[in-house]
Amino acid sequence: MKNKTEEIEMLSMVDQNQAFPKHFHSDYCISLITKGIECIEIDKQRIYSEKNHISITNPNEIHSNPLISNYQKLSFHTIYITQELMNDYSNERNIFFGKRSFKDVVLNQFFLELVKFSNYNSNQLNHAVFKKFINRLITHSTPEDKDIAYKFNFNWHKALKFINSNLKQKITLEILATHCKMEKFKFAKAFKYFCGISPMNYVLMQRVFSAKESVSKETHLTNLAYEYDFTDIAHFSKQFKRFIGLSPKNYQNNLDT
C-alpha cells in the first residue's frame, strides 16, 4: 500500500522462509510477527522477535535477516514509514528505536486495525488509527534504559560467550548476572533490550539450535534432552517445536538416511 505522497507502504507475508543479506531501508521498517521467529542481525548483534512481537529497524540501518531454521516459516505484517511522516504525526524529530523488539498488545491492535482497514478499503490509510499507532509506537523510543544499555555494552559478548560455552551445563539468571557482574534484574532488563527475548529464553533457543545439530537417525532423543539440561523429553519437544517449527521426532524422521 502506498498513499499520502508515497510516504507509507504496507505488506503482509505468509510462510516466508528466505534469508536476506545485508541491506537497509530509507524508512522505518516496523513488523508485527504473526508466526515463527524473526532474526535481525545488526553490527554482529542478533535480535529475535517471536509471535505477537513488534520488530523495528531505523532508517538507513544496515542489517540482515538470517534464517534461524530451514524448517521454520515466518509470517508477518510490515509497515514502512518515512522519517518525514513519523515526524509529522509525532511532532518530534530524530526518533530512534534502540529497542528493536518488544511486545505491546495495544500497539498490535492498532497495527491489525491498519492492516484490516487497508485490505477492505482499497489500500487507504485510516489516519485516526495511524495517529494512535504512532503515538503508542514512539513511547518505545524513549531512552529510559539508556544507562543500563550503556553499562551492558561492556558485558554483551561476555554473556553470549558464556552461554554458548555452557549449553550443556546448568544456567540460571543468577549465574549469568554474576558472571557479568550485574544485579540480576538489571541484567535481565538489559539483555532483553539488546536481544529481544529474555536471557533464559535465549538459553533455551541456543540449546535447541545446538541439540538440533546433533540429531541423527540413531539419536536417542530423551538422552539428548537430558544432555542439554531440559527437564524431560516433553519440555525438550515443546521448546524444539517452538524454535524449529516441528517436533524433534518429526525433525528426526525427515532426515535423509
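The values are calculated or read from the model by the stated rules, or taken from the named source; none is laboratory data. Because the structure is predicted, anything quoted here is derived from the model rather than measured. Don't worry about glycine lacking a Cβ; one is built from the backbone with ideal geometry, like all the others, and counts go over all protein chains shown. Each accessible area value is taken on the protein alone, full model and side chains, heavy atoms only, with ligands, DNA and RNA left out. Shrake-Rupley method; radii C 1.70, N 1.55, O 1.52, S 1.80 Å.
Summary of values
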{"read-out": "Pick from segment 214-246, criterion open to solvent by less than 20 Å² (accessible area, probe 1.4 Å) and assigned to a loop (DSSP other than H, G, I, E, B), ranking: nearest to residue 256 (Cα to Cα)", "value": "215"}
{"read-out": "Answer residue from segment 57-67, given it is touching a strand residue (DSSP E or B) at 6+ places or on another chain (Cβ under 8 Å) and over 16 Å from residue 18 (Cβ atoms) and is most open to solvent (accessible area, probe 1.4 Å) among those", "value": "62"}
{"read-out": "Residue 7, sole failed condition from (1) of a type outside the set (Phe, Trp, Tyr); (2) modelled with pLDDT of 95 or more; (3) open to solvent by 10 Å² or more (accessible area, probe 1.4 Å)", "value": "(2)"}
{"read-out": "Close pairs (7 angstrom Cβ cut-off, 6 or more residues apart or separate chains): at positive phi in segment 231-257, not basic (Lys, Arg) anywhere", "value": "245/36; 245/69; 245/71; 245/72"}
{"read-out": "Boolean, residue 79 is open to solvent by less than 50 Å² (accessible area, probe 1.4 Å), farther than 17 Å from residue 137 by Cα and among the aliphatic types (A, V, I, L, M)", "value": "no"}
{"read-out": "Single condition residue 179 does not satisfy, out of (1) more than 21 Å from the chain's Cα centre (by Cα); (2) at pLDDT 95 or above", "value": "(2)"}
{"read-out": "Qualifying residue in segment 94-106 (condition: within 24 Å of residue 42 (Cβ to Cβ) and not in a loop (DSSP other than H, G, I, E, B))", "value": "yes"}
{"read-out": "Given (1) closer than 23 Å to residue 67 by Cβ; (2) open to solvent by 60 Å² or more (accessible area, probe 1.4 Å); (3) at pLDDT 95 or above, number of the condition residue 167 does not satisfy", "value": "(2)"}
{"read-out": "Some residue of segment 37-56 being more than 22 Å from residue 113 (Cα to Cα), open to solvent by 20 Å² or more (accessible area, probe 1.4 Å) and of a type in the set (Val, Ile, Thr)", "value": "no"}
{"read-out": "Of all residues making up segment 82-93, the number that are closer than 25 Å to residue 43 by Cα, at pLDDT 85 or above and surrounded by fewer than 16 Cβ atoms within 10 Å (Cβ to Cβ)", "value": "0"}
{"read-out": "Every pair of residues 6+ apart whose Cβ atoms lie under 6 Å, when the first sits in segment 37-59 and is hydroxyl-bearing (Ser, Thr, Tyr) while the second is part of a strand (DSSP E or B) and open to solvent by 10 Å² or more (accessible area, probe 1.4 Å)", "value": "49/38; 55/38; 57/29"}
{"read-out": "Residue match in segment 65-80 (condition: among the basic types (Lys, Arg) and part of a loop (DSSP other than H, G, I, E, B))", "value": "yes"}
{"read-out": "Among (1) in contact (Cβ under 8 Å) with a residue 24 or more places away in the chain; (2) open to solvent by 10 Å² or more (accessible area, probe 1.4 Å), the one test that residue 205 misses", "value": "(2)"}
